[in-house]
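What follows is a single structure, written as structure tokens, with notes after it.
The values are calculated or read from the model by the stated rules, or taken from the named source; none is laboratory data. Quantities reported herein were computed from a predicted structural model and do not represent experimental measurements. As a convention, Cβ positions derive from the backbone with ideal geometry for all residues, glycine included, and neighbour counts pool all protein chains shown.
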Amino acid sequence: MMVKYRSLRADELQALETEFVEYLILNGIMADDWQKIKAENREKALQIIDHFSDVVFEKILRKTRFVEVRQSKKLEIFQCLDDRFVVVGLDAVHIDGADFTSSKFVTGAMQHPPAGLEVYTAERPYKYAREMEIFALIENGGHLCDGALFKTLCLALAK
């Protein structure tokens, strides 16, 4: 079986230890069985972890509504609808000292937009499965967010 997304890293798996134990129990694997599998059949243990990883990612990605991608000169917030992305972005490529990775800069830019700040919106249908596209955004530096900044920018664009 190939992993759909990626295997959880050791630190991620550790953070989800309770959920992993519940997953093992739901799949009929008790603590002693798990210890035996890890010791005697590493390949099977990795397959179990891969499957658990997919379950975790799938659950998170299905619930995801907004992903924020910050770079020094660009900020994009993706609304993840059922059939497409809607993106609102800020581009500060021509602004000296712009740094959207700084919350202080973002707050200041929202309160007093600097000259040369470009605001844009776009949308596009998913090219691949919705969850796979969201996963790719996250793996490439995107972060889940509540969408508050997206809504604020949409209101600003409507004025």
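Annotations
- Cβ-Cβ contacts under 6 Å between residues 6 or more apart (or on different chains), taken from a first residue in region 99-119 that is within 16 Å of residue 69 (Cβ to Cβ) to a second residue that is of a type in the set (S, T, N, Q) and surrounded by 12 or more Cβ atoms within 10 Å (Cβ to Cβ), are listed as 99/72; 101/72.
- Set side by side, the residues 93, 67, 55 differ, and just one is within 16 Å of the chain's Cα centre (by Cα) and surrounded by fewer than 18 Cβ atoms within 10 Å (Cβ to Cβ), which is 55.
- Note on region 23-51: among residues that are surrounded by 11 or more Cβ atoms within 10 Å (Cβ to Cβ) and of a type in the set (Asp, Glu), the one that is nearest to residue 8 (Cα to Cα) is 50.
- Of the residues making up region 114-132, one or more are among the acidic types (Asp, Glu) and more than 27 Å from residue 6 (Cβ to Cβ).
- Criterion: at pLDDT below 95, among the β-branched types (Val, Ile, Thr) and within 24 Å of residue 145 (Cα to Cα) - qualifying residue of 93, 3: 93
- In region 144-152 there is at least one residue that is assigned by TED's automatic domain parsing to the domain that holds residue 92, buried (at least 17 other Cβ atoms within 10 Å of the Cβ) and closer than 12 Å to residue 86 by Cα.
- Considering region 2-22, the residues that are of a type outside the set (A, V, I, L, M) and part of a helix (DSSP H, G or I) include one that is surrounded by the most Cβ atoms within 10 Å (Cβ to Cβ), namely 20.
- Per the listing 95, 134, the residue uniquely touching a helix residue (DSSP H, G or I) at 6+ places or on another chain (Cβ under 6 Å) and either of a type in the set (Gly, Ala, Ser) or at negative phi (or both) is 134.
- The single condition among (1) in contact with a strand residue (DSSP E or B) (Cβ under 9 Å, 6 or more places away or on another chain); (2) modelled with pLDDT under 95; (3) polar (S, T, N, Q) that residue 103 does not satisfy is (1).
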